[in-house]
Amino acid sequence: MNTYERWLQAEMEWISTYCNKIRRQALCITTPAILIGSAIVIGGLTAVGGGGMEDFGYGAFSGFVLGAAVCGIYLLVLLPGLKPKRYAKKIDKCVKGLSLNEMEKEQLAQEMLEADEQHKISYTITGPGAKGTPGRFVLTPHFAFLEGSYPYGILVRLSDVAEIRRSEERKTATERRAKSKTVYRFTLYTIGFYRKDRFQRGLTEKDLPDEAFGFFDAGIRERVIGLLAETGIRIEG
């Protein structure tokens, strides 16, 4: 196993704690609650409709079967996404986006594995659509790496960056349920990275950054900015 593979393995071990937690909640709390709830509701409706205890039993059994079908679909959608290897593939994809050669990939992995705690910021992502997913920022001598957000992994090669800008964006998110929807309005606190070759690529100062980190919490964004200030790259905003 080379250094890059060892780093991906370490990343899988890190996210596995979260995956195991959500899996336990789904199997030990959510699934039993759906089964029991559907059995009681359908059984109760049957009894209210004029049936006796025997009909309540038939209704409860029908509700249990219905709940089992719902749980089957729920778990079929949820569980495949809780495999640590899936998260490692997402990280590998973002690394490929930088077109690193094998030597550079090994350097990246070595720096990530050796990063000290003073250059790591771990937090829990909160906000619309967030489910307590862990987030982490890691700064190494040559890279800045954010994981846990969307997309899951964002990797920046510091030598490519001419300027860093902090900004804020007002956002709206809608969460839909069976018979209702909730609209959330929130502020996204961002850090934009502007590469040195922007003008050669036909981009101007007014165009979007080449890469961006987003946070629901301004305090976390400022902690990340504090670490990025150590790189000597100009920070605006």
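At a glance:
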{"read-out": "Contour minus Cα-Cα distance for Thr172 and Val65 (0.36 nm per residue)", "value": "34.7 nm"}
{"read-out": "Label selected from (1) 1.13; (2) 0.94; (3) 0.99, the criterion being Rg/Rh (Cα atoms, Kirkwood Rh) as computed here", "value": "(1)"}
{"read-out": "Gyration tensor (alpha-carbon) shape descriptor, segment 115-236, a/c threshold 1.5", "value": "oblate"}
{"read-out": "Most mobile of Ala69, Ala144, Ala162 in a GNM of the chain (Cα contacts under 10 Å)", "value": "Ala69"}
{"read-out": "Net charge of neighbours whose Cβ lies under 11 Å from the Cβ of Thr3, counting Lys and Arg as +1 and Asp and Glu as -1", "value": "-3"}
{"read-out": "Per-residue [θ]222 nm for the chain (sum of -39500 (n - 2.57) over DSSP H runs n ≥ 4, rounded to 500)", "value": "-15000 deg cm²/dmol"}
{"read-out": "Label-zone membership for segment 144-177, site Arg198, 7 angstrom Cα→C-beta point, backbone N under 13 Å", "value": "161-167"}
{"read-out": "Computed lengthening from Leu98 to Ala130, 0.36 nm per intervening residue step minus Cα-Cα distance", "value": "8.8 nm"}
{"read-out": "Lysines whose Cα lies under 18 Å from that of Lys21, excluding same-chain neighbours fewer than 8 positions away", "value": "Lys83, Lys85, Lys131"}
{"read-out": "Cβ-Cβ FRET estimate between Phe186 and Leu75, R0 fixed at 35 Å, reported to 0.05", "value": "0.70"}
{"read-out": "Loop trypsin sites (Lys or Arg not before Pro), segment 67-158 (other Cβ atoms within 10 Å of the site Cβ: 14 or fewer; DSSP)", "value": "Lys131"}
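No lab work stands behind these numbers, since they all come straight from the coordinates. Since the structure is predicted, the reported quantities are computational estimates derived from the model, not experimental observations. All Cβ positions, even for glycine, are placed from backbone atoms using ideal geometry, and neighbour counts span all protein chains on display.
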